[in-house]
């Protein structure tokens, strides 16, 4: 088995399970005990100097950062299906919202929760309200980010939104909850949720 995911069900690696299930290639899950600091072990730091999950290896290839893993998997194993081709105009929208999640939604939400003081013109995420409006614009009046076509952008963008809705760290606007419900009906996501639940049970994680 070529693909290995270093995983903990309470890390961003949980969403990578969904990515892999959507792509449909065989993969192995290698549990990493975060509570014991296993993610800081020398062998994992050699793969990711940040000492964080997720880490994915595909043979000799190493990919870290959740969005980068998603884009890599889609281009390599689902090109033209989950990733628009480079000559498809939809690829611009696909890339836009794929990187919006880690570069805008995550820091913007953290800034709001922590009450960070910053100048909106100097922060890539701008204001919290502008961020929410932009998020709504990505899925307004359409099933998925690319309209009727599901793509890996929905796993990145939608996975981030779904996580935040579950933990009540973002406003549950109707467009957000409706989108999350649509995503929740995907068989690949249901398989991923089941696999993450099994990992929690196996390792005694409530």
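General observations
Every residue, every condition in (1) surrounded by 13 or more Cβ atoms within 10 Å (Cβ to Cβ); (2) touching a helix residue (DSSP H, G or I) at 6+ places or on another chain (Cβ under 9 Å); (3) at pLDDT 95 or above, yes or no:
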site: 167; (1), (2), (3): no, no, no
site: 172; (1), (2), (3): no, yes, yes
site: 176; (1), (2), (3): yes, yes, yes
site: 182; (1), (2), (3): yes, yes, yes
site: 185; (1), (2), (3): no, no, yes
site: 190; (1), (2), (3): yes, yes, yes
site: 194; (1), (2), (3): no, no, yes
site: 200; (1), (2), (3): yes, no, no
site: 206; (1), (2), (3): no, yes, no
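- Qualifying residue in the range 154-162 (condition: over 18 Å from residue 95 (Cβ atoms) and either surrounded by 16 or more Cβ atoms within 10 Å (Cβ to Cβ) or within 20 Å of the chain's Cα centre (by Cα) (or both)): yes
- No other residue among 50, 35 is modelled with pLDDT under 95 and outside the structural domain of residue 149 (by TED's automatic domain parsing) apart from 35.
- Residue check, residue 119 at positive phi and either touching a strand residue (DSSP E or B) at 6+ places or on another chain (Cβ under 8 Å) or outside any helix (DSSP H, G or I) (or both): no
- Scanning the range 77-95 for residues that are under 17 Å from the mean Cα position of the chain (by Cα) and in a loop (DSSP other than H, G, I, E, B) yields 78, 82.
- Annotation note: of 101, 68, the sole residue that is assigned by TED's automatic domain parsing to the domain that holds residue 24 and part of a helix (DSSP H, G or I) is 68.
The values are calculated or read from the model by the stated rules, or taken from the named source; none is laboratory data. None of these values were measured; they are calculated from a predicted model. We place every Cβ from the backbone using ideal geometry, glycine too, and count neighbours over all the protein chains shown.
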